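Student: Here you go, one structure.
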Amino acid sequence: ELQLVFQDPFGSLSPRMTVGQVITEGLLVHEPSLTGKQRDQRAVDALREVGLDPNARNRYPHEFSGGQRQRIAIARAMILKPKVVVLDEPTSALDRSVQKQIVELLRKLQADHELSYLFISHDLAVVRAMADYIIVMKQGKIVEEGPTQEIFDNPREAYTQTLMNAAIDSTRFRVSA
């Protein structure tokens, strides 16, 4: 019912296993009665759902880009049909255009499968795009929580205000050649 998608998909994908093996590994434990053919079909379906060619299941993780590896990690989580997915900084290692694609994919999967996400991130632009409700933490303690729009528009706590101001200020920096 709960699956994880980690910040660094390369570190969480075994280099000794094909993508198909990585994606279907959980099925061996949680749905052991499935045949090899059924597991393979589920891998095909999972890869298609995250926007990857099903033939990718015969390749190894190192053969893919960071965004593709994150899609593989998402497929691995989704194949088990969870109700909740913990996303630990799932876009932090990706460039902005790929981040946008992954955020759009996650939102589509959320709508299609009625998923709940626990989204952990320091990137406030991505948080704003993904979250309905925010919990702001400092040193492991909750300092503020509330609906996303409310927190962004009217942060009550000084720490949250500082975070918001820092995020806004960082978007103003431009590097000139």
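Student: Under 14 Å from the mean Cα position of the chain (by Cα) and in a helix (DSSP H, G or I): is that true of Val22 in this structure? It would help to see each step written out before you state the result.
Tutor: Working: under 14 Å from the mean Cα position of the chain (by Cα): no; in a helix (DSSP H, G or I): yes.
No.
Student: Further, regarding this structure: Within region 27-56, count every residue that is closer than 25 Å to Glu104 by Cα, modelled with pLDDT of 95 or more and in a helix (DSSP H, G or I). I'd like the intermediate steps shown before the answer.
Tutor: Just the residues of region 27-56 that are closer than 25 Å to Glu104 by Cα, to begin with: 41-56.
Imposing the further condition that a residue be modelled with pLDDT of 95 or more reduces the set to 41-55.
Now drop any that are not in a helix (DSSP H, G or I), which leaves 41-49, 54-55.
Total satisfying the criteria: 11.
Student: Going by the conditions given, is Val50 assigned by TED's automatic domain parsing to the domain that holds Val103 and touching a residue at least 60 places away in the same chain (Cβ under 8 Å)? Let's see the steps before the verdict.
Tutor: Values: assigned by TED's automatic domain parsing to the domain that holds Val103: yes; touching a residue at least 60 places away in the same chain (Cβ under 8 Å): no.
Judged against the criteria, Val50 is not a match.
Student: Quick one: would you say Tyr159 is touching a Pro at 6+ places or on another chain (Cβ under 9 Å) and of a type in the set (Ser, Thr, Tyr)?
Tutor: Details: touching a Pro at 6+ places or on another chain (Cβ under 9 Å): no; of a type in the set (Ser, Thr, Tyr): yes.
In short, no.
The values are calculated or read from the model by the stated rules, or taken from the named source; none is laboratory data. Here the structure is a predicted model, which is why all the values come from computation and not from measurement. Positions of Cβ are backbone-derived with ideal geometry, glycine not excepted, and every protein chain shown enters the neighbour counts.
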